[in-house]
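The values are calculated or read from the model by the stated rules, or taken from the named source; none is laboratory data. Quantities reported herein were computed from a predicted structural model and do not represent experimental measurements. Cβ coordinates were reconstructed from backbone atoms using ideal geometry, including for glycine residues, and neighbour counts include every protein chain displayed. Ligands, DNA and RNA are stripped out before the accessible areas are found, and what is left, the full protein with its side chains, is counted by its heavy atoms. Shrake-Rupley method; radii C 1.70, N 1.55, O 1.52, S 1.80 Å.
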Amino acid sequence: MAVFRMRNLHKRKYTLFCLVIGCFIIYKCLGFFSSTPQTGWKRSRKVGLRANSSQFTLEREPFRILGGSVHYFRVPRAYWRDRLMKMKACGINTLTTYVPWSLHQPEKGVFNFHTQLDLESYLSLAAELGLWVILRPGPYISADMDLGGLPSWLLRDDSMRLRTTHPGFTQAVNTFFDKLIPKMVPLQFKKGGPIIAVQVENEYGSFAKDQGYLLFIKEALQSRGISELLLTSDNINTLKSGGVDGVIRSVKLQKLTQRNIQELHGIQPRGPSIVMEYWTGWYDTWGGLHHVLPPEDMVSNVREILRRGMSVNLYMFHGGSSFGFMNGAVSNPSYRALVPSYDYDAPLSEAGEYTPKFHLLRDLFSQYNTRGDSLPDMPTLRYREAYEPAIMYQHLSLWDALSFAEGPFKSTKPINMENLPANNGNGQSYGYTLYVTTITSGGSLHSGDNVRDRALVFVDRRYIGVFNHQNLELAVPDAKEKRTLSFLVENCGRVHSGRDLDKQHKGLVGEILFNHIPLRDFTIYSLDMKPSFIDSLYQAPWKNLPENPSFPGFFMGRLFAYGYPSDTFVKLPGWEKGVVFINGLNLGRYWSIGPQQALYLPGPFLNSGINQVIVFEEQEGDYKVHFEDSPDLGMAAEIQ
């Protein structure tokens with residue numbers, strides 16, 4: 001009988017325990033979906049963000065947007081929470097993010113909203129932490145990305161007119177929005193979610209080729225269920241041509257002047273004013289300097305914006321990294337590609353470190369904390385480690401890796417990257433393309449500026465020179481026998497803004513003349529350096545590193561990380577130009593010309609124990625890869 005009573009007692013305790021756990025789970029779930037326990041947001045949401053007077057209102061209460069941009073696609077998913085908690089601790093109440101079409105739809109019929117690109121989870125996390133959201137879904141976003149975030153397969157249509165009501169473009173936009181917008185609708189404010197506003201396209205005033213285009217985008221959003229406040233965003237000098245009826249206008253700038261204020265009030269006299277992008281720094285380009293904006297200059301401008309009763313969004317609050325080949329480029333006054341770091345001299349550094357800007361902003365924003373309580377504590381910083389160097393011990397010539405590339409494709413004339421029959425008929429988006437033909441004499445090569453963007457040139461696999469946007473002519477040594485002539489062409493990044501987006505084809509985009517005669521009969525290999533290609537190289541004929549390895553080539557080594565891996569920075573002194581892969585992930589390009597001299601390697605990209613390091617080097621290598629505990633973004637210059 002005693003045993004029976006004991007069993008009943010255990011059953012009652014077990015039942016009570018399960019009941020407590022069940023109630024806790026229900027409580028947390030209700031809190032997650034309503035966001036009430038964490039944030040104090042109202043359960044009844046009938047009226048969202050409004051702009052009917054000189055200030056915004058949210059649920060009919062005065063509301064000032066203190067925003068900050070953090071792009072989920074530039075931050076490792078494992079660090080999303082850390083970065084947003086630091087945003088909250090700075091006193092920011094609204095997260096803004098772009099949505100990169102090119103990453104979410106890499107091929108016409110292929111969509112990716114998982115893992116690193118799980119936008120729904122990112123916005124739900126923002127809600128959990130008590131942040132509102134302004135969504136910027138494009139379709140064109142700029143974001144200093146390759147082709148402004150538009151997928152390169154759009155350029156396969158020779159008649160394509162991007163950012164217009166051209167049927168080919170609008171059909172593609174509709175297909176993308178059919179996938180994206182239904183995921184966003186339940187996350188809107190009036191449905192209990194964090195999204196309080198949605199931006200219509202981006203900076204269209206500087207493009208403005210089609211008067212009906214912005215109306216098409218506005219209706220594309222609303223017809224799919226977007227019902228929150230809509231806004232546009234333009235630079236101050238193109239503000240007049242960037243609006244659409246029924247949509248709030250916002251401005252982008254780095255220095256607030258009386259003229260800026262008058263321009264905005266003149267166009268929008270009865271609405272609230274918002275600086276949708278206050279630039280906290282700037283991007284860097286290869287061959288230039290690292291741009292910095294003095295913290296005092298930045299905070300004085302933000303203080304003046306707030307003093308005038310305006311709302312503000314910091315672009316960027318945390319820039320992160322343009323991992324892989326997602327970086328954009330500029331063409332004016334000359335072509336220059338962006339570096340992988342998107343540190344942006346932002347308040348939170350590329351690796352998530354606090355900067356003097358962060359502390360100044362935290363002090364300023366604490367004065368505008370309408371809830372009256374103190375700001376959340378600042379999350380502790382993560383440990384960074386200088387690992388032992390990785391010694392390269394194996395080598396694979398580019399020529400020996402060609403059997404693992406997509407192709408070869410045969411063509412009488414050169415074919416640009418986008419029109420190659422690669423990637424299931426979607427063309428090649430990024431990386432390198434190798435064009436091989438034959439010659440029977442020496443002479444002169446003329447690119448006619450048809451190399452996009454940079455080509456290493458080889459005769460019988462021996463390097464003879466480089467073509468780029470400035471160097472358009474090369475001499476070929478004399479010989480009478482038949483020889484191979486090869487062009488390893490790199491897409492360094494499509495321009496991310498401007499009126500020439502339709503002309504951003506890469507590879508060989510026209511005729512290459514040899515002794516004034518167009519070259520013919522090409523064999524073409526697609527080397528997009530995707531993870532599947534890097535993984536396939538395990539089966540390649542790697543060799544022990546010779547004393548004088550051939551270039552271009554792949555070099556393999558190992559990084560040992562004991563315990564829980566920490567953030568580190570990859571530095572390659574003695575190497576010239578190439579790409580770094582860690583455990584098959586493309587970390588980004590390096591180039592000795594700088595300014596960036598070290599690549600950020602987040603701890604979550606590493607395994608505890610052995611990690612594979614592969615370096616693709618174009619011309620010269622030191623055979624040792626260093627890992628340091630501090631960034632090196634190069635020589636700095638103040639933004640003028």
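If S374 meets every condition in (1) without any contact (Cβ under 8 Å) to a residue 24 or more places away in the chain; (2) within 27 Å of S322 (Cβ to Cβ) apart from one, which number is that one?
Among (1) without any contact (Cβ under 8 Å) to a residue 24 or more places away in the chain; (2) within 27 Å of S322 (Cβ to Cβ), S374 violates only (2).
Let's see how each residue does on (1) hydroxyl-bearing (S, T, Y); (2) under 30 Å from W80 (Cα atoms); (3) modelled with pLDDT of 95 or more; (4) in contact with a His (Cβ under 9 Å, 6 or more places away or on another chain):
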{"site": "G352", "(1), (2), (3), (4)": "no, yes, yes, yes"}
{"site": "R371", "(1), (2), (3), (4)": "no, yes, no, no"}
{"site": "Y393", "(1), (2), (3), (4)": "yes, no, yes, no"}
{"site": "S403", "(1), (2), (3), (4)": "yes, no, yes, no"}
{"site": "M417", "(1), (2), (3), (4)": "no, no, yes, yes"}
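If you check S497 against the conditions, is it under 24 Å from S397 (Cα atoms), polar (S, T, N, Q), open to solvent by less than 50 Å² (accessible area, probe 1.4 Å) and at pLDDT 95 or above? Walk me through it before giving the result.
Details: under 24 Å from S397 (Cα atoms): no; polar (S, T, N, Q): yes; open to solvent by less than 50 Å² (accessible area, probe 1.4 Å): yes; at pLDDT 95 or above: yes.
Answer is no for this residue.
A quick yes/no check of all residues on (1) over 15 Å from Y278 (Cα atoms); (2) open to solvent by 20 Å² or more (accessible area, probe 1.4 Å); (3) in a helix (DSSP H, G or I):
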| site | (1), (2), (3) |
| --- | --- |
| M316 | no, no, no |
| S334 | yes, yes, no |
| F358 | no, no, yes |
| D363 | yes, yes, yes |
| D373 | yes, yes, no |
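Does any residue of segment 473-484 turn out to be touching a residue at least 24 places away in the same chain (Cβ under 8 Å), open to solvent by 10 Å² or more (accessible area, probe 1.4 Å) and under 30 Å from D144 (Cα atoms)?
Within segment 473-484, none of the residues are touching a residue at least 24 places away in the same chain (Cβ under 8 Å), open to solvent by 10 Å² or more (accessible area, probe 1.4 Å) and under 30 Å from D144 (Cα atoms).
Restricting attention to segment 375-393, report how many residues are over 28 Å from the mean Cα position of the chain (by Cα) and open to solvent by less than 40 Å² (accessible area, probe 1.4 Å).
2
List the helices (runs of 4 or more DSSP H) that sit entirely inside segment 75-175 and contain at least 3 residues that are out of contact with any strand residue (DSSP E or B) (no Cβ under 9 Å at 6 or more places or on another chain) and surrounded by fewer than 24 Cβ atoms within 10 Å (Cβ to Cβ).
Numbers: elements: 80-89, 101-104, 119-128.
Answer list for segment 75-175: 80-89, 119-128.
Go through the residues of segment 407-415 one by one and say whether even a single one is of a type outside the set (S, T, Y) and buried (at least 19 other Cβ atoms within 10 Å of the Cβ). It would help to see each step written out before you state the result.
The initial filter retains those residues of segment 407-415 that are of a type outside the set (S, T, Y), namely 407-410, 413-415.
Now narrow it down to the ones that are buried (at least 19 other Cβ atoms within 10 Å of the Cβ): 414-415.
Scanning segment 407-415, I find at least one residue that is of a type outside the set (S, T, Y) and buried (at least 19 other Cβ atoms within 10 Å of the Cβ), so the answer is yes.
Output the residues belonging to segment 116-125 that are under 20 Å from Y342 (Cβ atoms) and touching a Ser or Thr at 6+ places or on another chain (Cβ under 9 Å).
L119, Y122
Kindly list, by first and then second residue, each pair from a residue in segment 604-615 that is assigned to a strand (DSSP E or B) to a residue that is of a type in the set (S, T, Y) and surrounded by fewer than 13 Cβ atoms within 10 Å (Cβ to Cβ), limited to pairs with Cβ atoms under 8 Å and residues at least 6 apart or on different chains.
G609/Y562
Anything in segment 430-446 that is open to solvent by 20 Å² or more (accessible area, probe 1.4 Å) and not hydrophobic (A, V, I, L, M, F, W, C)? List them, or say none.
Hits for segment 430-446 are Y430, T438, T440, S441, G443, S444, H446.
Consider only pairs whose beta carbons are under 8 Å apart and that are at least six residues apart or on different chains; among these, list those whose first residue lies in segment 308-330 and is under 21 Å from L348 (Cβ atoms) and β-branched (V, I, T) and whose second residue is part of a loop (DSSP other than H, G, I, E, B) and at pLDDT 95 or above.
Listed by first residue and then by second, the contacts come to V312/I65.
Six or more apart or on different chains, Cβ under 8 Å: which pairs go from a residue in segment 221-242 that's over 16 Å from T97 (Cα atoms) and among the basic types (K, R) to one that's outside any strand (DSSP E or B) and open to solvent by 30 Å² or more (accessible area, probe 1.4 Å)? Could you list them?
Listed pairs, sorted by first residue: R224/D178; R224/P182; K240/I267.
Output the residues belonging to segment 227-241 that are open to solvent by less than 10 Å² (accessible area, probe 1.4 Å) and β-branched (V, I, T).
Once the filter is applied, which keeps residues that are open to solvent by less than 10 Å² (accessible area, probe 1.4 Å) and β-branched (V, I, T), segment 227-241 yields only T232.
Take K543 and decide whether it is in contact with a strand residue (DSSP E or B) (Cβ under 8 Å, 6 or more places away or on another chain), modelled with pLDDT of 95 or more, under 20 Å from L396 (Cβ atoms) and not aromatic (F, W, Y).
So K543 passes the test.
So which of D521, D528 ends up being open to solvent by less than 70 Å² (accessible area, probe 1.4 Å) and either modelled with pLDDT of 95 or more or β-branched (V, I, T) (or both)?
Details: D521 fails: open to solvent by less than 70 Å² (accessible area, probe 1.4 Å).
Among D521, D528, only D528 is open to solvent by less than 70 Å² (accessible area, probe 1.4 Å) and either modelled with pLDDT of 95 or more or β-branched (V, I, T) (or both).
So which residues in segment 318-327 are closer than 17 Å to T97 by Cβ and either part of a loop (DSSP other than H, G, I, E, B) or open to solvent by 20 Å² or more (accessible area, probe 1.4 Å) (or both), if there are any at all?
G319, G320, S322, F323, M326
Does any residue in segment 156-177 that is closer than 15 Å to P139 by Cα and β-branched (V, I, T) come within less than 7 Å, Cβ to Cβ, of a residue that is open to solvent by less than 60 Å² (accessible area, probe 1.4 Å) and part of a helix (DSSP H, G or I) six or more places away or on a different chain, and which pairs are these?
T164/Y213; T165/Y213; T165/F216; T170/F216; V173/A220
Would you check if S152 is touching a residue at least 40 places away in the same chain (Cβ under 8 Å), touching a Gly at 6+ places or on another chain (Cβ under 9 Å) and among the hydroxyl-bearing types (S, T, Y)?
Answer is yes for this residue.
For segment 44-62, how many residues meet the condition of being under 20 Å from K252 (Cα atoms) and either free of Cβ contacts under 8 Å to residues at least 60 places away in the same chain or open to solvent by 10 Å² or more (accessible area, probe 1.4 Å) (or both)?
Initial filter on segment 44-62 (under 20 Å from K252 (Cα atoms)): 51, 54-56.
Next cut, either free of Cβ contacts under 8 Å to residues at least 60 places away in the same chain or open to solvent by 10 Å² or more (accessible area, probe 1.4 Å) (or both) only: 51, 54-55.
Here the count works out to 3.
Looking at the structure I just gave you, is Q619 in contact (Cβ under 8 Å) with a residue 60 or more places away in the chain, touching a strand residue (DSSP E or B) at 6+ places or on another chain (Cβ under 9 Å) and either part of a strand (DSSP E or B) or within 26 Å of P295 (Cα to Cα) (or both)?
Values: in contact (Cβ under 8 Å) with a residue 60 or more places away in the chain: yes; touching a strand residue (DSSP E or B) at 6+ places or on another chain (Cβ under 9 Å): yes; either part of a strand (DSSP E or B) or within 26 Å of P295 (Cα to Cα) (or both): no.
So Q619 does not fit the description; no.
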